[in-house]
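Participant: Take this structure, written in structure tokens, and hold onto it; I'll ask about it next.
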Amino acid sequence: MGEVSAGGRLDVVVSARAEIVAVTRCGLEQVRARIAAGLEPVGVRELPVTEALGGTLAVALRAATPLPRVDTAAMDGYAVAGPGPWWRVHEQVGYAGRPCSVVLAPGEAVRIATGAATPLGTTATLRDEHIVTTVVSGKPVVLRAPDAPVRDDTRRQGENWSTGTQLAPAGTRVSAALVSAALSAEAETVTVRGPLRADVVMTGDEIRAVGPLGPGETRDSLGPVLPEFLRCCDIESTGLWHLADERDLLRSWLALKSHADLVVMVGATGRGAADHLRTLLADLGARIVVDRVAIRPGGSTLVAQLPDGRVLLGLPGNPLAAVAALLAVGPAVIDALTLRTPGPTMWGRLSDAGVMAGDATRIVPVQQQTGGVWRSTGPAHTPHLAGLIGCQALAVLPPGTGRGTLVELLPLPR
């Protein structure tokens, strides 16, 4: 190998630093775009719809049956045949979920409950408040009330949807509403990507989960609650591991077999003496998708695809920085891995932000005030989450943000 002059070495160092600065200045929208383009989606699977909550439809959801499946009464009242009055009232009552043997001829009626299938021969269902009953020759007679509107309270077969109707397109998040609609449509299974599962790792010699603290140790105040924040991003935690700052230990842990889709690692993402993750990922041949983000806190966040296909989401070690980074980039990771159509962004207007200087976007806790405006709760300290108490969201403040600016909001778990 030829010699490199002192000037050449300086050029290499300057070039490397320039590259780091360029990556560091990668804004949040650029980071999200990189994630969308750079991650391979997870595989497709068919699940019972009740087990798919938090996943993403890979195939459109379609109704397997019409709704209603048959004509039913929308209100308590009478099923009637013909224009009325109805001189014969059957003794049987039509109840929801029970068979009714009545067949109506013109001029006949039968008492019916909400949700009951209308008998054969029914031309309309009249609600109780629109009819009057009287007795003629000792027999009940049903009449339309003089001031009642002429309307039919029958829910017709297929009124809501017919067989094959698309209820949600591919790319839709499987929400509680979608699960309910699928059950109403007799769609017992759905084809989805996800729901996603993550192995969660807390790193750091100084982090203690249980027992009294020793000199220089700090309590793990994030690990026990991190699953709640992950759930906001539709990530289900498979378990929590604590690892010391040892390169070989970290390598051994990453080599363990896992059925999870992601590794969420807190700590070890910086460039300090005890941070081994970046060099380890290079040794393993992982593909770095995002290396640092221009946000404060949370700038050391990284996203990588491991050789076995799992995605590693590396979060800073300080609790607030980890939460800010997770809520800022986590949804983009989920969208990319499941090919989810991104949901609408939540926006709010700030009442008290000063103009933000510098290249980094700041992320601060905010509370909603009367009138719908948002107010920051003051400087947030990263070593704890006390600054989130009473807050409903984190506000994303790009450089130049000032009072009254409309900014993106990242909802916090309640």
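Participant: Hey, what did the range 77-192 get for relative contact order, percent, Cα under 8 Å, at least 6 apart?
Facilitator: 23 percent
Participant: Using the alpha-carbon atoms, what tilt in degrees (0 to 90, nearest 10) does helix 28-38 show relative to the longest principal axis of the chain?
Facilitator: With rounding to tens, the tilt is 80 degrees.
Participant: Please give the peptides 214-222, 54-62 ranked by average Cβ packing (other Cβ atoms within 10 Å per residue), highest first, as a rough proxy for protection.
Facilitator: Per-residue Cβ counts within 10 Å, averaged per peptide and sorted highest first, yield 54-62, 214-222.
Participant: Between residue 306 and residue 29, what is the FRET efficiency for a Förster distance of 22 Å, r being their Cβ-Cβ separation, to the nearest 0.05?
Facilitator: E between residue 306 and residue 29, to the nearest 0.05, is 0.30.
Participant: Ordering 241, 347, 86, 161 by how much accessible area each has at a 1.4 Å probe, largest first, what is the list?
Facilitator: 347, 241, 161, 86
Participant: Could you calculate the FRET efficiency of residue 287 with residue 189 from 1/(1 + (r/R0)^6), where r is the beta carbon distance between them and R0 is 45 Å, rounded to 0.05?
Facilitator: With R0 = 45 Å, the Cβ-Cβ based efficiency is 0.85.
Participant: Given a 1.4 angstrom probe, what's the average accessible area per residue across the chain, in square angstrom?
Facilitator: 50 Å²
Participant: Can you give the accessible area of residue 134, probe radius 1.4 Å, in Å² rounded to 10?
Facilitator: Surface accessible to solvent at residue 134 totals approximately 60 Å².
Participant: If I model a spin label at residue 209 and residue 259 as a point 7 Å from the Cα along the Cα→Cβ vector, what separation in nanometres do I get?
Facilitator: Each label point is offset 7 Å from its Cα along the Cβ direction, giving 2.0 nm.
Participant: Per-residue accessible area for residue 375 at 1.4 Å probe radius, Å² rounded to 10?
Facilitator: Per-residue accessible area (residue 375): approximately 90 Å².
Participant: Under a point-charge model restricted to the Cβ atoms of Lys and Arg (+1) and Asp and Glu (-1), what is the dipole moment magnitude of the chain relative to its Cα centre, in debye to the nearest 20?
Facilitator: In debye, rounded to 20, the chain gives about 600.
Participant: Using r as the Cβ-Cβ distance of residue 218 and residue 238, and R0 as 25 Å, what FRET efficiency do you calculate, to the nearest 0.05?
Facilitator: Calculated value: 0.50.
Participant: Under 8 Å for C-alpha pairs, at least 6 residues apart: give me the relative contact order for the chain, rounded to a whole percent.
Facilitator: Normalised by residue count, the contact order of the chain is 17 percent.
Participant: Right, another one. What fraction of the DSSP beta bridges in the chain is antiparallel, stated in percent and rounded to the nearest 5?
Facilitator: 65 percent
Participant: Residue 242's amide H: which non-local residues (gap 5+, or another chain) put their own amide H closer than 5 Å, with H modeled 1.01 Å from N in plane and none for Pro or chain starts?
Facilitator: The answer is 202.
Participant: Report the local net charge at residue 171: Lys and Arg +1, Asp and Glu -1, summed over other residues whose C-beta lies under 13 Å from its C-beta.
Facilitator: Local net charge: +2.
Participant: So between residue 231 and residue 139, what do we pick up on full extension, going 0.36 nm a residue minus the alpha carbon distance?
Facilitator: Computed gain between residue 231 and residue 139 is 26.8 nm.
Participant: So for the pair residue 392, residue 113, with labels modelled 7 Å out along Cα→Cβ, what separation do we get in nm?
Facilitator: A separation of 4.1 nm, rounded to one decimal place.
The values are calculated or read from the model by the stated rules, or taken from the named source; none is laboratory data. Everything numeric here is computed off the predicted structure, so don't read it as measured data. Virtual Cβ from ideal backbone geometry, glycine too; neighbours counted across all protein chains shown. The area values use the complete protein model at the heavy-atom level, side chains included, leaving out ligands, DNA and RNA. Shrake-Rupley method; radii C 1.70, N 1.55, O 1.52, S 1.80 Å.
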